[in-house]
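Q: Structure below; questions to follow.
Values quoted throughout were computed directly from the atomic coordinates according to the rules given, and no laboratory measurement underlies them. This structure is a prediction, so every number in the text was calculated from the model and none was measured. As a convention, Cβ positions derive from the backbone with ideal geometry for all residues, glycine included, and neighbour counts pool all protein chains shown.
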Amino acid sequence: MKKMIISAATQYDIPWIIDTQITNHGSYLTAQEKEESGFVSVLTPSLFLNKINHNKKILIARLAEGEYQGKPIGYLITCNENDAQDHPFFKKVFSDFIKKDFDAHRCLFIVQIAKITELRSRTKGVGTALYEHLFESVIPFTAHRYVFTEVSPKNPVSVKLHERLGFEEVKRYKDVFDNQMILLMKEVNKKA
Ligand SMILES: CC(C)(COP(=O)(O)OP(=O)(O)OC[C@H]1O[C@@H](n2cnc3c(N)ncnc32)[C@H](O)[C@@H]1OP(=O)(O)O)[C@@H](O)C(=O)NCCC(=O)NCCS
């Protein structure tokens with residue numbers, strides 16, 4: 001795995017995140033690209049991203065060496081229940097699913113994880129590095145006990161990544177676009 005530096009996003013990273021979301025969006029990829037590299041199904045408005053970024057909720061991965069040295073190559077966006085009120089999809093995930101069985105104050109939701117499409121098959125380990133930083137350097141300093149995310153069963157890369165990291169299926173449901181989604185959860189901080 002190439003050496004990566006993970007840090008909190010700045011306001012200057014937000015337009016880059018939006019561009020990266022668009023190039024990773026399912027509607028721009030062929031079926032083969034989706035199968036090989038995954039895809040995102042939600043575009044988040046800059047207002048939402050700027051607001052959660054103000055609370056240091058977005059991580060950026062940069063390569064420590066080589067052609068992309070210092071440039072952002074991947075991101076991980078998180079939100080808590082409060083942040084989720086500003087986005088209809090994530091608000092619904094909290095109200096319809098998470099809050100029914102868990103103390104929402106102890107829950108962090110992963111809105112999205114992605115890397116740049118240029119590195120699709122060349123640089124592996126970006127997703128793992130972002131999550132490792134979240135688990136080791138962010139979560140221990142918070143009151144969060146559970147991390148949730150939703151994945152599409154049609155996104156094998158994301159399913160594999162989250163399975164390997166120890167996420168477990170909580171339930172299956174249809175999202176607002178009638179796509180089948182799987183809600184995953186990992187207990188990360190038993191003391192919280
Ligand atoms: C999801 C994403 C961030 C993962 O980044 P990454 O650098 O590939 O992540 P990692 O290499 O750490 O882990 C990916 C895992 O999927 C596996 N994988 C890759 N292609 C696969 C495929 N077609 N089928 C099954 N597993 C696959 C990898 O082997 C790796 O598992 P392993 O390390 O146990 O071998 C990246 O693929 C991406 O940006 N995809 C587009 C956006 C997306 O789908 N995001 C998730 C939904 S929000």
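Q: So which of 2/154; 3/171; 51/71; 56/91; 2/191; 99/190 end up more than 30 Å apart, counting from Cα to Cα?
A: Numbers: 2/154 28 Å; 3/171 35 Å; 51/71 23 Å; 56/91 19 Å; 2/191 33 Å; 99/190 18 Å.
Pairs exceeding the cut-off: 3/171; 2/191.
Q: Follow-up. Considering every pair of different Cα atoms, what Kirkwood radius, in Å, is found for segment 1-103?
A: On the way: mean 1/r = 0.0656 Å⁻¹.
Kirkwood radius, segment 1-103: 15.2 Å.
Q: By average Cβ neighbour count within 10 Å, what is the ranking of 173-179, 137-143 from highest down? Mind dumping the intermediate values first?
A: Values: 173-179: 11.1, 137-143: 14.0.
Order by mean packing, descending: 137-143, 173-179.
Q: I would also like to ask the following. If each residue of separation counts as 0.36 nm, what is the full-extension length gain between residue 121 and residue 190 once their alpha-carbon separation is subtracted? Don't skip to the end; give the middle numbers.
A: Numbers: separation 69, 0.36 × 69 = 24.84 nm, distance 3.54 nm.
That pair, residue 121 and residue 190, stretches by 21.3 nm at full extension.
Q: Please compute the length gained on full extension between residue 168 and residue 92, using 0.36 nm multiplied by the number of residues separating them and subtracting their Cα-Cα distance. Kindly include the intermediate steps, with their values, before the conclusion.
A: Details: separation 76, 0.36 × 76 = 27.36 nm, distance 2.01 nm.
That works out to 25.4 nm of additional length.
Q: Where the only charges are on Cβ atoms (+1 Lys, Arg; -1 Asp, Glu), what is the dipole of segment 38-167 about its Cα centre, to the nearest 20 debye?
A: Numbers: 18 positive and 13 negative charges, 36 e Å.
Computed about the Cα centre, the dipole is about 180 debye.
Q: Which percent of the Cα-Cα distances in the chain go past 21 Å? The partial results should precede the final answer.
A: Working: 8937 of 18336 pairs.
Result: 49 percent of Cα pairs exceed 21 Å.
Q: Still on this structure, please answer the following. What distance in nm separates the simple spin-label points at residue 32 and residue 56, each placed 7 Å from Cα in the Cβ direction?
A: 4.5
Q: First measure r as the distance between the Cβ atoms of residue 175 and residue 65, then evaluate 1/(1 + (r/R0)^6) with R0 = 35 Å and state the FRET efficiency to the nearest 0.05. Intermediate results must be reported in sequence, preceding the final value.
A: Values: r = 39 Å, r/R0 = 1.12.
Rounded to the nearest 0.05, the efficiency is 0.35.
Q: Still on this structure: Run the quick spin-label model on residue 12 and residue 137: label points 7 Å from Cα toward the beta carbon, then report their separation in nm to one decimal.
A: Going from the residue 12 label point to the residue 137 one covers 1.9 nm.
Q: For every helix of n ≥ 4 consecutive DSSP H residues, a contribution of -39,500 (n - 2.57) applies; sum these over the chain, divide by its total residues, and give [θ] at 222 nm rounded to the nearest 500 deg cm²/dmol. Could the numbers behind the result be given before it?
A: Working: 7 runs with 53 residues, N = 192.
The per-residue figure over the chain is -7000 deg cm²/dmol.
Q: If packing is taken as the mean number of other Cβ atoms within 10 Å per residue, what is the order of 50-56, 88-94, 29-35, highest first? Intermediate values should be presented prior to the final figure.
A: On the way: 50-56: 15.0, 88-94: 17.4, 29-35: 13.0.
Per-residue Cβ counts within 10 Å, averaged per peptide and sorted highest first, yield 88-94, 50-56, 29-35.
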